[in-house]
Amino acid sequence: AQSVTQLDSQVPVFEEAPVELRCNYSSSVSVYLFWYVQYPNQGLQLLLKYLSGSTLVKGINGFEAEFNKSQTSFHLRKPSVHISDTAEYFCAVSSGYSTLTFGKGTMLLVSP
Amino acid sequence: DAGVTQSPTHLIKTRGQQVTLRCSPKSGHDTVSWYQQALGQGPQFIFQYYEEEERQRGNFPDRFSGHQFPNYSSELNVNALLLGDSALYLCASSLRGDTEAFFGQGTRLTVV
C-alpha cells in the first residue's frame, strides 16, 4: 500500500518570498512522484513529475522539487512566489498504470 | 485538442437517487480513471477502465460502477446516493503504459 503525507494544510507567504511545500510518502515498491496544482473550481494540472534519473526536477511556472529516497520526501519549492500562485497543491505517488494516491493537499496563500 | 471533458459540470440529486457522470478522454488516450474529491480532501481513486474493462478499483462500494465505450469515453454511475457522496468527481485520461494522467474540470455532485 502507498500513502502520502503533506505536512502543512496551509502555507501563508508574502509575494516574492520563497516557499517550500513538504511531502513525504510511504511505499513498499518503487514509485513515481508528482505534484499537481488545483485552482478554485478547476481540475488538476500537473506541475512536475519524478520518474527516474536526476533527483532535482524542474516543472512549470518556476517550480522545482527534489526527490530524497532516504527520507522518502519530495518537497516542492519556488524561489519567488506570485499572487497568481495562490492555489491548492497536491503531492501524489504512483506505482504504475497512472493510478494515483494523493495527499490531502496544501493551500498556498500568497499575499501582497 | 479539447483535453479531458466532463459533463455535467454541476448537478444536484436527492438521497436514494441514481446519477451518471460522463467523461471524454484526451485525444489519443485509451485509459480512463475516476477520482472522488470530498471538500478539503485530496482526490481518492475509484476505478480505472482500459479496453472497456475495469482494471483496477479503489476502496469504494459496489454502488459505484462504471463503463467504458469503444470510443474510450466513460461513465461513472452511483446508485442509492448518500449525503456523503457529495463531492467533486474527477476524470483522468492517459495512454496505457504512460505515467502521466490528464484531468478534466470535474463534476460537482451535491446530494440533498
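The values are calculated or read from the model by the stated rules, or taken from the named source; none is laboratory data. It should be emphasised that the depicted structure is a prediction, and the values quoted were computed from it without experimental measurement. Cβ sites come from the backbone with ideal geometry, for glycine too, and all protein chains shown count toward neighbours.
Observations
- Every listed requirement among (1) among the hydroxyl-bearing types (Ser, Thr, Tyr); (2) modelled with pLDDT of 95 or more; (3) surrounded by fewer than 16 Cβ atoms within 10 Å (Cβ to Cβ) is met by A:Thr106 save one, (3).
- On inspection, A:Ser30 does not qualify as within 14 Å of another protein chain (Cβ to nearest Cβ) and either under 10 Å from the mean Cα position of the chain (by Cα) or closer than 16 Å to A:Thr86 by Cβ (or both).
- Within region A:41-54, being away from chain B (no Cβ under 11 Å) and either of a type in the set (Asp, Glu) or not in a strand (DSSP E or B) (or both) holds for A:Gly53, A:Ser54.
- Count of region B:85-95 residues, restricted to those that are within 14 Å of chain A (Cβ to nearest Cβ), closer than 23 Å to B:His10 by Cβ and in contact with a Ser or Thr (Cβ under 6 Å, 6 or more places away or on another chain), is 2.
- The residue that is surrounded by the most Cβ atoms within 10 Å (Cβ to Cβ), counting only those in region A:76-86 that are closer than 29 Å to B:Cys91 by Cβ and not basic (Lys, Arg), is A:Leu76.
- For region B:96-112, the candidate set comprises residues that are out of contact with any Phe, Trp or Tyr (no Cβ under 9 Å at 6 or more places or on another chain) and part of a strand (DSSP E or B); within that set, the residue that is farthest from the other protein chains (Cβ to nearest Cβ) is B:Val111.
- For region A:18-33, filtering for residues that are modelled with pLDDT of 90 or more and exposed (fewer than 12 other Cβ atoms within 10 Å of the Cβ) leaves 1.
- Scanning region B:4-31 for residues that are small (Gly, Ala, Ser) and more than 15 Å from the chain's Cα centre (by Cα) yields B:Gly16, B:Ser27, B:Gly28.
- Filtering A:Tyr97, A:Tyr36, A:Tyr89 for residues that are surrounded by 21 or more Cβ atoms within 10 Å (Cβ to Cβ) and within 9 Å of chain B (Cβ to nearest Cβ) leaves a single hit, A:Tyr36.
- A:Ser9 passes every criterion in (1) buried (at least 18 other Cβ atoms within 10 Å of the Cβ); (2) modelled with pLDDT of 95 or more apart from (1).
- Test: residue in region B:77-86 that is under 12 Å from the mean Cα position of the chain (by Cα) and surrounded by 15 or more Cβ atoms within 10 Å (Cβ to Cβ): yes
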